[in-house]
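The values are calculated or read from the model by the stated rules, or taken from the named source; none is laboratory data. These numbers come from a predicted model, not from an experiment. Neighbour counts run over all protein chains shown; Cβ positions are idealised from the backbone, glycine included.
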Amino acid sequence: MPAKQRTRFICQNCGHLQPKWSGRCPKCGEWNTLVEQVEPRASRAARAGLLSETVVEPTPLPAVAAEGQKRIPLAMGEFARVLGGGIVPGSGVLVSGDPGIGKSTLLLQMAAAVAETGRRVLYVSGEESAQQVKRRADRLGMQHENFYLLADVNLENILAQTQRLQPGLLVVDSIQAVSLDALPNSAGSVTQVRECAALLLRLAKTENIPLFLVGHVTKEGSIAGPRVLEHMVDAVLYLEGDSFHSYRLLRSIKNRFGSTNEVGVFEMSGRGLSEVANPSEMFLAERLPQAAGSAIAAPMEGTRPLLVEIQALASTSSFAQPRRTANGVDFNRLLLITAVLSKRVGIRLSDQDVFVNVIGGLRISEPAIDLPVALAIASSVRNKPVAADLVAIGEVGLSGELRSVGQLPRRLKEAQKLGFKRAITPRLSKRRGALEGMPEDMELIQTRSLAQAIEAALTP
Ligand code: TYD
Ligand code: MG
C-alpha cells in the first residue's frame, strides 16, 4: 500500500495540530493562525543523517551516578542565581523577552564571561552580522580569545561547525532566525522552530555542550512558535523590564536544575548589563519620605525579598464610573482592595478615580502587597503620609481581615537592612516558633484587620 501524503494544519501561535483547516484555532483562540503543512518526513531523514545515533540502555537506579557533572561556574552572579548556580553541561536553556530588551547583550556578556575562564564558546548570530556583533563586543570591552562567532542561519552548517569546533558553550541567537533547508517551511514557522530546536538540543545532550537559545516573544507576551519549545528545553528564562527604566529582571519560569521564580536584577548602561548588588536600594532611591499616598512593600521575588515603593493617588472622578488604574499590580486585586476599603473600612471610593503604581515598573503578583496597596490608597484619600520608617506586609481578606503571608522573617530582615524600624504585619500565631528568625530590634505592629492597620500606619 503506498504511503499516503498526510496534510495537517498547524497553529502558528500555539502549535496545535488538526486535520482540517479552520479560521480560528480551537486551542488558543487565535484567528488565522492555522497553516497547512505537509508531514515533515524529510526531518527524520535529515535528523538521522545529521546526528549519529547513540543507543542508550536502561540502568538500574542504584548504578546511576547521582552527581553527574559539575556546573560550569559563571562569573555573573545574578545570572548564575537564576540558573540555580552555574551552567549545567548538556542542558538547553531558552532565553526570551521583548525585542530590544537586551537578550543579545546579556548572552554576549555571559558567553564572554565563560570564554574568559578558558572555555571555547561558539556564538551563532542569525540576526546580526559578524561586524555588528564585533562592534558590540568591543563596546562592551570583551576579550576575544576563545570566543568564536558564526553569523549564519543555516542549521545544517551550525550543527556541522559545532561538531567540528567542540565548544564548551553554544549560544544560538535566535531560534526563530535559523532554519533547516530540508524543510519547506520558512524560518520562524512552528515546524522550523521545533525541528531546529530538537536538533540543537540533541546535539547539546550528545556532545554535552550547554546550549542557550534566544527566543522571541509575540506581542501577547508568549514565546513565539510552539509552546512545545518551552517543554523541550531544561530551563526557560525571561528577561523583562520596560524601555523607560534601565533595570532588567531575569526570571526563571522553568528550571529542571534549580528553583523557579528566581530573579536576577541587572541595569542596562552604556557598557551593557551590569549586576545590581542591592536591588531594594535601587527601587527606593527616589522615594519622598513624607509624601501621602506612598507605602513600602516587601514582596518575595523568588527566594529573595525586595523592598519596593507603592504609590496610590485617589482623586475626585469626573466620570459616572470612577476609574481604576493598576500599574504593576493585578487589576482584579486592586478592585478587591478598593471594595474592602469602601465596605469594611468606610473609606469612600465610589466617586474617586484610583491609580496605583509600583515604582520602577516592577510587576508584583503576590498577595503580601495587598496591605501596602491599601495603605497607599488610604493615605492618599486622607492626605496623611504613612510613617517613613514603616514597612507593610500582609494579605487582605474579603472581610477586611489581615491574613498572614510566608517568609516573614526574611522580608523583615531585608527591611531592617535598609533602615526600616517598624513593620505592620498580620497577627502572628501563638504557635511556638512563630517568632523564630525575626529580626530582634524591629518593632512589629501586629494587626487583625485592615482598619486597625490603617489607623496604626497613618498616625505619626
Ligand atoms: P539587544 O541586546 O540587542 O536586545 P535584544 O537582543 O533583546 O533584541 O539590546 C538592545 C538595546 O540595548 C538597544 O536599545 C541598546 C541597548 N544597549 C545599551 O543601552 N547599552 C549597551 O551596552 C548595549 C550593548 C545595548
Ligand atoms: Mg537580539
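Those strands (runs of 3 or more DSSP E) of region 233-346 in which at least 2 residues are more than 28 Å from Ala423 (Cβ to Cβ) and within 16 Å of ligand 1 (Cβ to nearest atom), considering only elements entirely within it, cover 235-240, 247-255, 263-269, 272-275. Just so you know, in region 255-297 the residues that are modelled with pLDDT of 85 or more, under 29 Å from Val88 (Cβ atoms) and among the small types (Gly, Ala, Ser) include one that is surrounded by the most Cβ atoms within 10 Å (Cβ to Cβ), and it is Gly264.
Number of residues in region 402-454 that are surrounded by fewer than 13 Cβ atoms within 10 Å (Cβ to Cβ) and under 16 Å from Ala374 (Cα atoms): the value is 1. Output yes when any residue across region 310-322 is of a type in the set (Gly, Ala, Ser), in contact (Cβ under 8 Å) with a residue 60 or more places away in the chain and not assigned by TED's automatic domain parsing to the domain that holds Arg81, and no when none is. Scanning region 310-322 turns up at least one residue that is of a type in the set (Gly, Ala, Ser), in contact (Cβ under 8 Å) with a residue 60 or more places away in the chain and not assigned by TED's automatic domain parsing to the domain that holds Arg81.
For first residues located in region 133-159 and in contact (Cβ under 8 Å) with a residue 40 or more places away in the chain and farther than 20 Å from Gly272 by Cα, partners that are among the charged types (D, E, K, R) and in a loop (DSSP other than H, G, I, E, B) and lie 6+ apart or on another chain with Cβ distances below 9 Å form the pairs Leu155/Asp181; Glu156/Asp181; Ile158/Asp152.
Look at (1) farther than 21 Å from His216 by Cα; (2) surrounded by fewer than 18 Cβ atoms within 10 Å (Cβ to Cβ) and you find that Thr162 fails only one, number (2).
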